[in-house]
Each structure stands twice: as structure tokens, then as C-alpha cells.
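The values are calculated or read from the model by the stated rules, or taken from the named source; none is laboratory data. All figures in this text were calculated on a predicted structure; none of them were measured in a lab. Don't worry about glycine lacking a Cβ; one is built from the backbone with ideal geometry, like all the others, and counts go over all protein chains shown. Ligands, DNA and RNA are stripped out before the accessible areas are found, and what is left, the full protein with its side chains, is counted by its heavy atoms. Shrake-Rupley method; radii C 1.70, N 1.55, O 1.52, S 1.80 Å.
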Amino acid sequence: MMFRVLATGLTVTGLVALGVGPVRVALDRNPGVAGEPERPPIVLTSSPGAAPAWLTGSVDTVRHLPGDGPRRVAKPERIDLASALEVLEAPDTLSVVGASEDARLPGVGVVVTEAEAEQLVDLDEPRRTRVLTRLVDTGAMGLSVFAVGAAPDKALVVDGDSGPGRQEKLRRASVPVADVVEGWAQLRPDLRALVNRQQVEPAPRTGEVPVAEPREKAWERAVSRVVRREILPALDEGRAPLAPALIAGEDALVLLGDGPVRMTARGAAYAVAARAVQPGSRLLPTRGGEVVDARVVQRPDGRVAVLAWNEGSATTLTVQVPEGDRVLRYRLRLPGRALTAAVLRR
């Protein structure tokens with residue numbers, strides 16, 4: 001197992017010397033330089049390898065951002081099939097009309113360059129732990145797919161079931177990225193690393209992220225571009241939506257700065273998508289619901305999630321999900337000019 005845990009010590013102060021995978025994650029950046037302090041190992045949890053928990057509820061790119069706590073989704077109304085069929089074609093009603101597709105979606109993620117990984121590794125504690133945790137924790141951004149250096153055309157996938165050969169290829173591709181990915185795997189044993197099969201020069205990180213806040217026009221325009229051009233097309237093709245940059249350049253998902261880590265508009269869009277698309281999810285066929293641009297997925301944890309882009313003003317979307325000989329009918333309030341992810345209650 002790539003991400004097996006090697007626990008080597010625990011003190012009363014909570015310092016756990018953990019390595020993840022066959023190669024240690026003790027980040028000794030310059031082991032041969034006398035007097036230079038070693039970086040402590042990446043330790044994100046005292047229970048590495050535990051299955052991540054996903055909360056029900058909804059998050060969006062305007063009012064309830066990922067990491068701020070999900071908005072409650074009301075319990076569904078249970079109706080008969082005849083009542084559900086009466087509104088099957090209604091533009092404000094999205095109905096699941098069949099079994100899930102066979103293809104499993106890998107999740108949502110980002111390209112991580114060696115320079116970005118080095119910057120993360122070199123953060124002082126406890127800030128490093130807080131930043132790294134925020135990026136992958138399912139209650140925050142929830143990213144689960146990480147491409148090394150550049151988005152791959154044909155990728156070598158490295159995950160928790162990979163053998164030593166693939167593990168070594170990840171480390172050969174970039175030691176800093178491998179260190180960070182193996183640290184993230186403590187919280188997310190379901191994550192995947194994507195390694196290019198051929199040497200690829202990473203795209204340069206240029207420019208600065210436009211300063212914008214939720215509900216501002218610049219924020220809404222950025223979210224719209226990302227959703228329509230990147231996230232939804234990738235899901236429709238069965239691919240992982242991959243953001244081109246994590247912390248550097250105008251396409252960054254987060255801003256480190258001197259204070260708490262902040263999501264950009266692009267980061268909020270990817271984090272909302274990640275909340276809906278748990279790794280291993282499958283798209284469900286739907287009818288109706290044209291008032292928004294929505295996808296419905298069946299998640300491995302047994303729940304159904306909705307990812308909806310609302311280009312217009314705030315609206316209510318009715319979602320119908322068959323369950324046995326009955327249909328569960330949900331009503332979701334969607335803010336305008338926003339991407340919303342709702343993990344539905346049963």
C-alpha cells in the first residue's frame with residue numbers, strides 16, 4: 001500500500017513522527033548542511049488513513065463557502081411515482097431517470113508544481129499544517145486529485161493501491177510534490193496523484209490573482225468562466241476537473257499571504273465541485289431542470305449529490321430521486337450567479 005502509515009513515536013506534546021508510504025516524509029531539505037535546522041515531518045492527523053467523513057448539506061460560491069460550514073438541506077418529501085412523473089419535464093424540476101453510469105469520476109483536483117510544493121513544505125508550523133489540511137479536508141476544500149507539474153495527457157495514476165514501482169515514479173517526478181501528496185494522504189487515503197508518462201515542462205505561473213470578494217461582479221465572472229469552461233466539461237467527459245495552479249499566478253486556487261489562507265473565486269468553484277464529486281462518484285441520468293445547469297452524482301458513500309450552476313437570479317430547484325417504489329423530492333434554494341453543491345439527506 002502506497003500510503004501505509006509508519007508510526008515511530010508519540011510524545012505528550014502531540015509530536016508524532018509519521019511517515020506515509022515506503023519512503024519517509026521527514027522533510028530534511030539539506031541533510032548534509034551542518035547547523036541548518038531540519039523541517040519537521042508532515043503530520044496532519046493522529047489517525048492517518050481513516051476514511052474521510054462527508055457532511056450532508058449545501059455549499060456555494062457566494063453565501064456558504066466551503067470551510068464555513070454547510071447550509072442544512074431539508075429532509076425530502078416522499079411521493080409516489082405518478083406524482084413525480086407529472087413534473088418530469090418541468091424546467092424547475094430535475095429528475096433522476098435511471099441507474100448511474102459505469103464510469104467512476106476520480107474527484108476534483110489541481111496541478112502542483114515543484115516550486116509550489118517547496119513553498120508549502122517551507123511554511124512554519126503550525127501554519128503549514130493548517131494550510132495543508134484546508135486544501136484536502138472534506139469539510140474545507142476537499143481536493144483529491146493532484147497532477148505533478150502539469151496537467152497530463154496520459155497519466156500514470158498513483159493511489160493507495162499502487163505498487164512500489166508506481167510509488168517510485170511519483171517520487172522521481174518530484175520529491176517535494178511526493179512529500180506533500182503523501183502528507184495529504186494521511187487525511188485522504190482516497191486521493192490520486194497523476195504523473196506524466198513523459199517529461200513535460202510545467203506552464204509558467206504568471207500574473208497575480210485579481211482581488212475580488214464574493215458577490216462582486218469580478219468574482220461572479222471568474223466563477224462563471226471556471227464552471228462553464230473547466231469544471232462541467234471535464235465531468236461530462238468523465239475526467240477530473242484539474243485547476244492549472246494551486247498557490248502561484250493568476251490562476252491560483254488559494255492566496256497564502258501573511259494571514260489565514262484565502263480561497264480565490266477559482267478556488268471556491270473547485271472546492272464547491274469537490275464537495276459534490278466524492279472520488280468514485282458516478283453521474284446519474286436526469287430529465288428536466290433546465291432553469292439551471294446541473295449534474296447529479298451517486299456517491300460511493302451511498303448519498304446523492306447535486307452540482308448546479310445558476311446563471312440567473314436566486315431560484316428554487318426541485319430534485320427528484322427514486323428510492324424503491326417511492327420518490328424522494330428535495331427543494332434546494334440556489335443563489336444567483338453561483339455554483340452550488342448539495343449532498344442530500346435521506
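Miscellaneous remarks
- Per residue Cα convex hull volume in Å³ - calculated over the range 85-138: 156
- Per-residue [θ]222 nm for the chain (sum of -39500 (n - 2.57) over DSSP H runs n ≥ 4, rounded to 500): -5500 deg cm²/dmol
- For the range 111-239, the alpha-carbon coordinates run over 48, 39, 29 Å along the three principal axes, in decreasing order.
- Overall shape: rounded for the range 147-189, with the ratio a/c of the largest to smallest alpha carbon gyration tensor axis below 1.5.
- The portion of the accessible surface of the range 93-244 made up by carbon and sulfur, rounded to a whole percent, is 48 (1.4 Å probe; DNA, RNA and ligands excluded).
- Annotation: per residue accessible area for the chain equals 46 Å², rounded to a whole number [probe 1.4 Å, protein chains only].
- Of all aspartates and glutamates in the structure, the ones whose alpha carbon falls short of 13 Å from that of Lys217, not counting any fewer than 8 places away in one chain, are Glu311.
- Altogether, the Stokes-Einstein calculation at 37 °C and 0.692 mPa s, with the Kirkwood radius of the range 268-346 over Cα pairs as Rh, returns a diffusion coefficient of 255 µm²/s.
- The lysines within cross-link reach of Lys154, meaning a Cα-to-Cα straight distance under 28 Å and a gap of 8 or more places when in the same chain, are Lys169.
- Label positions at Lys217 and Ala90, each projected 7 Å from the Cα along the C-beta direction, are separated by 3.5 nm.
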